[in-house]
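Here is the structure we will look at.
None of the figures in this text is laboratory data; all of them are computed from the coordinates on show. All values derive from a computational prediction rather than experimental measurement. Every residue, glycine as well, gets a Cβ built from its backbone with ideal geometry; the counts of neighbours run over all protein chains shown.
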Amino acid sequence: MASIIRKTNETNISVELNLTGGEINVDTGIGFFDHMLASFAKHAGFGLKLRAAGDLNVDSHHTVEDVGIVLGLALNEALGDKSGIARYGTAFIPMDEALAFASVDISGRPYIVFDADFKQEKTGGFDTCTVEEFMRAFATNAKLTLHIKALYGTNAHHMIEAMFKALAHALKVAVKAEGQGILSTKGIL
């Protein structure tokens, strides 16, 4: 379990993340983003309480990116020294005409490969270009390697939702307790 609060001149965000499950309650002021975060938590098997107040009068960019930062920090803290976790996880998730892929390595080395070509600039009031910003901020602050791709699709809603769910399922596998010690010849992640 981890609790993180981060306040800047642009956003005020609080996150409680429980890797073993629990209540899911998300409010960012961006309806579609709330739906993606709640789906992410549900499919990962995480408990998530998240509140974000941001400068939505400007646009959604700061809020979406900063939520990625805080959620990533919470995941990193909740994992502790990463002892006993599976470390790796991969998932393919279909959603109607869309198919997405995510593969994670909880490596302690932040890196992201992001590939998606959204046909629409918005879904609801959500700017589709901010998906990459969220994923980058999340991976960097969770200190994980993330490869994520919308392999194909025509509906941005379906493509993005498949990506969030693929990330969730990949993490569900990667954070699972599988043994003892740290899964690295270095002895540290």
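Some points to look at:
- Taking the longest Cα principal axis of the chain as reference, the axis of helix 130-142 is set at about 20 degrees.
- When the P(r) of region 2-174 is calculated, the portion above 20 Å amounts to 46% of the C-alpha pairs.
- When both region 43-66 and region 83-126 are represented by their alpha-carbon centers, they are found 17 Å apart.
- On the beta carbon distance between residue 115 and residue 154, with R0 = 25 Å, the FRET formula returns roughly 0.95.
- Prolate/oblate/rounded call for region 1-54, Cα gyration tensor, a/c under 1.5 rounded: oblate
- Restricting attention to region 2-174, the count of lysine pairs at 8 or more positions apart or across chains with alpha carbons under 24 Å apart stands at 23.
- Per-residue [θ]222 nm for the chain (sum of -39500 (n - 2.57) over DSSP H runs n ≥ 4, rounded to 500): -11500 deg cm²/dmol
- The C-alpha atoms of the chain define a longest principal axis, and helix 61-79 lies at about 20 degrees to it.
- Summarising the strand pairing of the chain, around 80 percent of its internal DSSP beta bridges are antiparallel.
- Shown here for region 1-97: GluC sites (Glu not before Pro) in loop regions (DSSP other than H, G, I, E, B) with at most 12 other Cβ atoms within 10 Å, namely 23, 97.
- Global geometry of region 28-96, whether rounded, prolate or oblate, following the gyration tensor of its Cα atoms and the 1.5 cut on a/c: oblate
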